[in-house]
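The values are calculated or read from the model by the stated rules, or taken from the named source; none is laboratory data. Since this is a predicted model, take the numbers as computed values, not measurements. Glycine gets a Cβ as well: all are built from the backbone with ideal geometry, and neighbour counts include every protein chain shown.
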Amino acid sequence: MIYEKHGRYIIPFDDVPSQRAVMPEISVEERKGNFVEVETGFPEEMAVNEAKRCLGCRRCLGCALCWAECKPEAIDFSMPDETLDLEFDEVIITPAQDNTFERLDKALGYGIYPHVITDLQFERMLSPTGPTDGLVMSPLNGQIPSRLAIIQGHPEEDENHLLPSLILGVNESILALHKTEELEVTLVSPFSDTFEKDYLPEAKKVKGLELVNGKPLSVKQETDGLGLLLTYTGTDGEKQQEFDMIVVLTKPKLSSDISNLSKKLNQEVVSA
Amino acid sequence: MENKKTLVVGAGPAGVRLALERAEAGEQVTLVEKFPSLGAERIPRNRLINAEQAFDSPDLEKVRDHKNITIFPYSEVKRVTKENGKIKARVIKHSLRVDNTKCNDCKACIRVCPVNMFDDFNEGLGFRTAVDYFNPINAEYNIFKEDMPVCQRTCPVNLDIRGYVGLIADGKYAESLARIRERLPFPASIGRVCPHPCETACNRQYLDEPISICFLKRFVADVEIEAGIEPTYETAEKKYPEKIAIIGAGPSGLTCAHDLAKMGYENIKVFEALPVPGGYLWVGIPEYRLPKKILQREVDLIAKMGVEIQYNVRIGKDISFEELRNQYDAIFIGAGCHRGLKLRVPGEDEYEGIIDCVTFLREQALGIRKEGKGKLIVIGGGNAAIDSARVGWRMGYDEVYILYRRTRKEMPANPWEVDAAEHEGVKLQFLAAPVEILGENGKVVGMKCIKMELGEPDASGRRRPVPIEGSEYVIEAETIVPAISQGTDLSFLPEEHDFKLTRWNTFDIDEETGATNIPGVFAGGDVVSGPNIAIRAIAGGKRAALGIHEYLRSK
Amino acid sequence: MCTGRIDPVWVARALKRGLDGFLIVGCYFGDCHYISGNVQAKAKMDMTRRLLEHIGVNGKRLSFQQCSSGEGARFAELVNEFDQQIREIGPIGEGGDQLGKPEIFEKLQIAEAVLGGEKMRWVIGKRTPFMESGNMYGEIFTEHEFRRAIDMIIVEETETQAILHSLNKGAKSVEQLSQELEIPSERVFRYIRALKRKGFVEMGQIIERNPIYQLASQEV
């Protein structure tokens, strides 16, 4: 399942029909030479069944069980929203904490396999305050991986993106290797060679990290196991390698509200 | 002298750093972040780290305790305006619903909360409950409550989709329709023609397929029609006497009229240049997609609220815009985009048989153009092109072609409409563009085209079509319908006017109220947005209705 | 006794002890001495039936019927009908259900924990206010929305309780829990980390790259 900020975690329930209702239509023969309405509308049963597919998305149910359980009486549902009209001399627009990123190629497996995650998710995973207490674990089954790949999600981009992206990848590798015993990290990016040579030759010295020059093509789960098969084009043709977990390097994107504000004020967004 | 006041929007690493810098320099800083806490520690993107000092942690404590910094977490910035060097902004501070001075972090609430949801702070890797802390560093608790589900948020008029679909599931059709009508006076029409952005957003797509929201709306609207029920749209008891003129009886104008009538305005007059209501819904959307009697019924319901609609009156010709301004307290302009754009190729204005899609569809809808013979070529890839082709096929043209300069993938038309056209026998020709219209004896006989290939992406992100040199060819045709795009026709305005327009010749309005720069004149719909979908025009009408109300009440 | 007083937990407990059916006969709607006791009873039993079906127990083992105290013949008829129905299904866990013995009793123990837990009790009790006056935000639920909310709790709570139940018997890895409980491992992983966040479980040693989870000390 693809995770999106403000998205909803969905668990399928037995009685929900999965197929969307198809609108009945009159045949093509019946349409020739007239303007009779093509779509005839849902019959009642079809409509009701379709309506029942609705998940009724709602996170907080407003049931107040927390309020009932809270001994210090800190929970207050009537606490109002506040509206303040303020005046400023200057506005600085920075990215909020959305961490939105450009859509990734589906072939790389993000959103399809639970153990393909983004660099942003990996960053949280490595943080001591993160969801796994700073340990590297495969979201597929909680196992600690021994073969990890970090791959470039937008290999067609230029140096302006590939360089910071790779630095993040190498930094995440350093941290992961530090925290995890017997781990091997493979970093696949079309920028690896230039990066090692011109920018950070010390990256080569990270023990356990292999920098591979290549363009990731696809990630597939092996039919007979949990491993992920990465296909990439390297310096000497197409190659395949198996991993326990894959991290995809993303390309940051401004969230719509921040970019709208920037457009409205005709002012650049200041990034870190 | 007072300290300089600075607003920092976004409390990610950059926002926190800048806020501190400015505060240290003596400025009064307001830091606004839409998530319930300040940013997390980050791994650097600009230098290599060593494993012990991996994270750049924002100095949250320092930011929080700084006397020059006010932090508004879980807040939004709205209504930002720049005036005389000062920036005005409205900050909406969402309630955390937890008094963190009382909270003792005992986790009792987290343990009982029945809701598991993606933990946004951890990029969705884990779960949080509806009541939970956001950033573990400061363990500030909040109750996460979205103001509306994603479908409703995506809908331009914010229809309570979850509510009305749930009522259909419960078998309560009349209540469901009433729920829709609270915000939309055209359920049967929109339930037929809307390209439903809500369905594109529907969470169910991540499981299997989105809910068929649009057709469910049509279903409840049709149940009422079939049962022969004649509803009345209620109006407020308190009445207002101000006179309001509305230019154009399209979806935005009629919705504006409806909303104002509902609020209690009694003197609303709609001026329509055509002999029929509905604007593009009548003269642009063909009968086979939206039967006129369905549309007429919904217009009649609005008229029954006391809204007067005068047909066949063209502003600027039958009555001048200045006269309207003198006679009415407020004006809403919803004139639409009823001018088909030209191909700009030789021969275009020389021969009979070339007719733009807006005129073509309008003449068919009004019964002026009934039958077609020979070969019809429609040029373009939008919904208007598909509509023109499918209308042409029904009118009896022997062969109908759509010529598009890119490929199917880039077509802006709804894919299901493209499929339907093809299904009916319309032939699609991709990667071709017109070069010259050919004619004989004053009539179109064909068109010279050139083959295209896709080059680099343009501003819209679609790959730009590039002509292939020497690939010209000729196709025969009796009728050619350019459906490139549509533009506004502002000839109803006096030649000398002070309206602020955009470079697309649309009105530049205030995004919150729909007001133009001329006091008392509001605008909405395609005349503001350029050619767009009906539900967005309706949203424009609704926004202006509120704007007009606010304007008239504060006068 | 008013049918509204019947605790859904009794249904799970009765079936767990080997009873084959549970028939509730209450007053007609509108005849309730306590105004809406029977309406709530029906809602509770509908929800309980969905939970039973979800864990693999034949839903026909639970029946809610109505009859007035003056209708002796109808009462006899209802009892006979139910008796016949249960005879057709057969004894619990012997072919008439999706599950067999002894798994069915194991699952019913989990159902008991879910139905007896405060989440389910509390939210079910909110049905009338949610649908009439609204929740804490004043949002009025449709029947369908309320059902979806309950569905979500049924699925998540049975899976969570199953994990806790299994961990009570011994520490396990995510993979082991997934295989034992037949829940996809990525979901077990999410639940287990959520349980850890809430302080119900803790992470113990790591065996062959698999972290082992156990109940938090105060929970044992």
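Quick notes on this structure:
Here's the yes/no breakdown for (1) in contact (Cβ under 8 Å) with a residue 24 or more places away in the chain; (2) assigned by TED's automatic domain parsing to the domain that holds B:GLY425; (3) under 25 Å from B:ASP526 (Cβ atoms):
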{"position": "B:THR359", "(1), (2), (3)": "no, yes, yes"}
{"position": "B:ARG362", "(1), (2), (3)": "yes, yes, yes"}
{"position": "B:ILE377", "(1), (2), (3)": "yes, yes, no"}
{"position": "B:GLY380", "(1), (2), (3)": "yes, yes, yes"}
{"position": "B:SER388", "(1), (2), (3)": "yes, yes, yes"}
{"position": "B:TRP393", "(1), (2), (3)": "yes, yes, no"}
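- Test: residue in segment C:125-138 that is out of contact with any Pro (no Cβ under 8 Å at 6 or more places or on another chain), of a type in the set (Asp, Glu) and closer than 30 Å to B:GLU175 by Cβ: yes
- One residue stands out among those in segment A:88-111 that are at the interface with chain B (Cβ under 7 Å from one of its Cβ atoms) and at pLDDT below 90: the one that is farthest from B:GLU27 (Cα to Cα), which is A:ASN99.
- Qualifying positions in segment C:21-38 - out of contact with any Gly (no Cβ under 6 Å at 6 or more places or on another chain) and either at positive phi or buried (at least 18 other Cβ atoms within 10 Å of the Cβ) (or both): C:GLY21, C:PHE22, C:ILE24, C:GLY26, C:CYS27, C:GLY30, C:CYS32, C:ILE35
- Residue match in segment B:175-192 (condition: touching a Ser or Thr at 6+ places or on another chain (Cβ under 7 Å) and modelled with pLDDT of 90 or more): yes
- Count of segment B:20-70 residues which are assigned to a strand (DSSP E or B), over 37 Å from the mean Cα position of the chain (by Cα) and at pLDDT 90 or above: 2
- Here B:PRO73 meets each of (1) more than 8 Å from every other protein chain (Cβ to nearest Cβ); (2) over 31 Å from the mean Cα position of the chain (by Cα) with one exception, condition (2).
- Contact map, segment C:120-148: first residue closer than 17 Å to B:ILE168 by Cα and crowded, with 20+ Cβ neighbours inside 10 Å, second residue at pLDDT below 90 and among the aromatic types (Phe, Trp, Tyr), Cβ cut-off under 9 Å, separation 6 or more or different chains; pairs are C:ARG148/A:PHE13.
- Condition met for B:LEU493 (aliphatic (A, V, I, L, M), more than 15 Å from the chain's Cα centre (by Cα) and in a loop (DSSP other than H, G, I, E, B)): yes
- Only one entry of A:ALA68, A:ALA51 meets the criterion of being within 12 Å of chain C (Cβ to nearest Cβ) and buried (at least 19 other Cβ atoms within 10 Å of the Cβ), and that entry is A:ALA51.
- Residue among A:SER138, A:SER146 that alone is more than 19 Å from the chain's Cα centre (by Cα), of a type in the set (Gly, Ala, Ser) and within 14 Å of chain C (Cβ to nearest Cβ): A:SER146
- Flag for C:ALA43 being assigned to a helix (DSSP H, G or I) and at pLDDT 95 or above: no
- Counted residues, segment B:93-138 - those being β-branched (Val, Ile, Thr) and assigned to a loop (DSSP other than H, G, I, E, B): 3
- Matching residues in segment B:390-410 - criterion: being touching a Leu at 6+ places or on another chain (Cβ under 9 Å), in a helix (DSSP H, G or I) and within 13 Å of chain A (Cβ to nearest Cβ): B:VAL391, B:GLY392, B:TRP393, B:MET395
- Here A:ILE246 clears all of (1) surrounded by 15 or more Cβ atoms within 10 Å (Cβ to Cβ); (2) outside any helix (DSSP H, G or I); (3) touching a Ser or Thr at 6+ places or on another chain (Cβ under 9 Å) except the condition numbered (3).
- C:ARG61 satisfies every condition listed in (1) free of Cβ contacts under 8 Å to residues at least 24 places away in the same chain; (2) of a type in the set (Lys, Arg); (3) more than 19 Å from C:ILE124 (Cα to Cα) except (1).
- The condition (being surrounded by fewer than 20 Cβ atoms within 10 Å (Cβ to Cβ), touching a Gly at 6+ places or on another chain (Cβ under 6 Å) and in contact (Cβ under 8 Å) with a residue 24 or more places away in the chain) is satisfied by just one residue among B:ARG369, B:ARG325, B:ARG339, B:ARG314: B:ARG339.
- The residues in segment B:76-92 that are assigned to a loop (DSSP other than H, G, I, E, B) and either small (Gly, Ala, Ser) or facing another protein chain (nearest Cβ under 8 Å) (or both) can be counted, and the count is 1.
- Scanning segment B:426-483 for residues that are aliphatic (A, V, I, L, M), in contact with a strand residue (DSSP E or B) (Cβ under 9 Å, 6 or more places away or on another chain) and over 24 Å from B:ILE354 (Cα atoms) turns up B:LEU454, B:VAL466, B:ILE468.
- Test set (1) of a type in the set (A, V, I, L, M); (2) surrounded by 16 or more Cβ atoms within 10 Å (Cβ to Cβ); (3) at pLDDT 90 or above - A:ILE26 fails condition number: (2)
- Condition broken by B:ALA413, with the remaining ones in (1) assigned to a loop (DSSP other than H, G, I, E, B); (2) away from chain A (no Cβ under 14 Å); (3) over 26 Å from A:SER27 (Cα atoms); (4) under 30 Å from the mean Cα position of the chain (by Cα) satisfied: (3)
- For the residues A:LEU187, A:LEU200, the requirement of being crowded, with 19+ Cβ neighbours inside 10 Å, assigned by the TED database to the domain that holds A:VAL136 and either within 21 Å of the chain's Cα centre (by Cα) or modelled with pLDDT under 85 (or both) singles out A:LEU187.
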